[in-house]
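Down below is the structure, laid out as structure tokens.
The values are calculated or read from the model by the stated rules, or taken from the named source; none is laboratory data. Values in this document were obtained by computation on a predicted structure and should not be read as measured data. FYI the Cβ positions are ideal-geometry reconstructions off the backbone, even for glycines, and counts take in every protein chain you see.
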């Protein structure tokens, strides 16, 4: 999947260079300037760029997952399920707030509530999931952290489904649909009920997730 991201970036750059060469535009000019007519060497360079673009496009097509994959844009708070170039599902989401909470009794130790960026896989698919509240959930509420594990279990807050992708992070539902589209979570990715059901049906254990 890392090679896929590199291939996408390379193709985008080469496409820009080819278009610039074809249109006779410079990269980000401050003002229009007179350009000389392309020389033989310019045309040869353009042909090299076009050939390289064609090669990278083919490589990108070969790297593309054959099955649906999940793409999460944390800046725009959107989640997409894609099958090669086709967008199968387009959902509004909520992602990490980026807020910081100090860990009591631990000097210079904090929780940072960001959604992790990078490449992941769906590791678990749960129905009617139970939230096992971590320490920070009690500390945020000004409560003592319980010693009894049963006191951490909370039903009905994650929606009907949850897809885990490691280190306690999940794609799950929300009770606060009015906050969808905002960066308000502790790192998980929240969806409304219908979009969550769609993702659950389209994904399997092992489905790639790319978060940026």
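Within the stretch 90-109, being surrounded by 12 or more Cβ atoms within 10 Å (Cβ to Cβ), more than 14 Å from the chain's Cα centre (by Cα) and either in contact (Cβ under 8 Å) with a residue 60 or more places away in the chain or not in a loop (DSSP other than H, G, I, E, B) (or both) holds for 97, 98, 101, 102.
Taking the stretch 110-188 and the strands (runs of 3 or more DSSP E) fully enclosed by it, the elements with 1 or more residues that are closer than 19 Å to residue 210 by Cβ are at 118-121, 124-127, 161-164, 170-172, 183-185. Quick one: is residue 162 more than 23 Å from residue 74 (Cβ to Cβ) and in the same structural domain as residue 94 (by TED's automatic domain parsing)? No.
For the stretch 193-204, the criterion of being touching a strand residue (DSSP E or B) at 6+ places or on another chain (Cβ under 8 Å), in contact (Cβ under 8 Å) with a residue 60 or more places away in the chain and farther than 25 Å from residue 119 by Cβ is met by none of the residues.
Scanning the stretch 141-153 for residues that are at pLDDT below 95 and either touching a strand residue (DSSP E or B) at 6+ places or on another chain (Cβ under 9 Å) or not assigned by TED's automatic domain parsing to the domain that holds residue 117 (or both) yields a count of 1.
Of all residues in the stretch 68-89, those being modelled with pLDDT under 95 and either surrounded by 14 or more Cβ atoms within 10 Å (Cβ to Cβ) or not assigned by TED's automatic domain parsing to the domain that holds residue 178 (or both) number 2.
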